[in-house]
1. In the stretch 75-101, what count of residues is obtained for those that are under 18 Å from GLN22 (Cβ atoms) and β-branched (Val, Ile, Thr)?
2. Are any residues in the stretch 68-111 in a loop (DSSP other than H, G, I, E, B) and either under 21 Å from ALA54 (Cα atoms) or aromatic (Phe, Trp, Tyr) (or both), and if so, which ones?
3. Just checking, how many residues over the stretch 69-95 are buried (at least 18 other Cβ atoms within 10 Å of the Cβ) and among the hydroxyl-bearing types (Ser, Thr, Tyr)?
4. Taking the stretch 56-82 only, how many residues are within 19 Å of LYS136 (Cα to Cα) and either out of contact with any Leu (no Cβ under 9 Å at 6 or more places or on another chain) or not assigned by TED's automatic domain parsing to the domain that holds VAL32 (or both)?
5. Looking at this structure, is THR49 over 29 Å from the mean Cα position of the chain (by Cα) and of a type in the set (Val, Ile, Thr)?
6. Can you tell me which residue is farthest from GLY72 (Cα to Cα) among those in the stretch 93-116 that are touching a helix residue (DSSP H, G or I) at 6+ places or on another chain (Cβ under 8 Å) and of a type in the set (Val, Ile, Thr)?
7. Can you find a residue in the stretch 93-108 that is modelled with pLDDT of 95 or more and within 22 Å of LYS136 (Cβ to Cβ)?
Amino acid sequence: WEDGGNHNRSGWEASESGLYGQDSPLQAAAGVLVLPDGRDSFNACSSSTNFSRAPAPDSSSPEWFALIQRGGGCSFADKIRLAANRGATAAVIYNYRGTGNEVLPMSHHGAESIVAIMIGNLKGMEILHRMESGMKVTMVIEVGKKHGPWMNQYSIFFISVSFFIVTAATMGYFIFYSARRLRIARAQSRNQRQLKARAKKAIEQLQLRTLKQGDKETG
């Protein structure tokens, strides 16, 4: 960004805060950010929305991006298509108020001619306030790693579910193994009691006889 009143005052920052639309070309782009005319048109849902502060369309003019607010009753495709028709080389759509820096993969079938990304509401409002204060904001879009906050949430959910399944399977096996050992121990104890009972019964059935001198068994 660059202060419009004081060109010696400028700054820059880099972050992974944007997410390409599902139908967007996955390519790098750079341009000056431009707002729609009038706060009531920030969502770019009206077909009469203009970007009068955009650079003049000639070979020496820098490319420009349309900064558009999500919502307003029209689709992502409508917003992106309008920006493309007005000469923008990219559409930067910031999320609803109250969503923090949450982003989602936009579906905009039929509006694939320009780069389209979504940024969080907090980041979008920060850029908006800079522009409304007279600053010139230039954005560079680059293809980064194939991930985003929405994927991180699913990754955390997947890891949590996987951990629960592994834990449940381990506990199930432990319970099964313990029950099997207990069943075997009980069976062995029952067999031993039965053997003792049979041995005792057999001993009780033996005939006792006292041998005397002269019996044939004594010789």
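1. Residues of the stretch 75-101 that are under 18 Å from GLN22 (Cβ atoms), as a first pass: 75-81, 83-84, 90-95.
Next, only the ones that are β-branched (Val, Ile, Thr) stay: 80, 92-93.
Of the residues in that region, 3 qualify.
2. Of the stretch 68-111, the ones in a loop (DSSP other than H, G, I, E, B) are 70-75, 86-89, 95-111.
Hits for the stretch 68-111 are ARG70, ARG86, GLY87, ALA88, THR89, TYR96, ALA111.
3. 2
4. Within the stretch 56-82, the subset within 19 Å of LYS136 (Cα to Cα) is 56-57, 60-69.
Within this subset, residues satisfying the condition of being either out of contact with any Leu (no Cβ under 9 Å at 6 or more places or on another chain) or not assigned by TED's automatic domain parsing to the domain that holds VAL32 (or both) are 56-57, 60-63.
Number satisfying all stated conditions: 6.
5. Details: over 29 Å from the mean Cα position of the chain (by Cα): yes; of a type in the set (Val, Ile, Thr): yes.
Answer is yes for this residue.
6. Pass one, the stretch 93-116, residues touching a helix residue (DSSP H, G or I) at 6+ places or on another chain (Cβ under 8 Å): 93-111, 113-114, 116.
If we keep only those that are of a type in the set (Val, Ile, Thr) too, we end up with 93, 99, 103, 114.
Working: ILE93: 12, THR99: 16, VAL103: 17, ILE114: 21 Å.
The extreme case among them is ILE114.
7. Looking for residues that are modelled with pLDDT of 95 or more and within 22 Å of LYS136 (Cβ to Cβ), one finds at least one in the stretch 93-108, hence yes.
Residue-by-condition table, conditions (1) within 29 Å of ASP3 (Cβ to Cβ); (2) modelled with pLDDT under 95; (3) not acidic (Asp, Glu):
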position: SER24; (1), (2), (3): no, no, yes
position: LEU35; (1), (2), (3): yes, no, yes
position: ALA66; (1), (2), (3): yes, no, yes
position: GLN69; (1), (2), (3): yes, no, yes
position: ARG81; (1), (2), (3): no, no, yes
position: MET118; (1), (2), (3): yes, no, yes
position: ARG130; (1), (2), (3): yes, yes, yes
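The values are calculated or read from the model by the stated rules, or taken from the named source; none is laboratory data. All figures in this text were calculated on a predicted structure; none of them were measured in a lab. Neighbour counts are summed over all protein chains in view; Cβ atoms, including those assigned to glycine, are modelled from backbone coordinates with ideal geometry.
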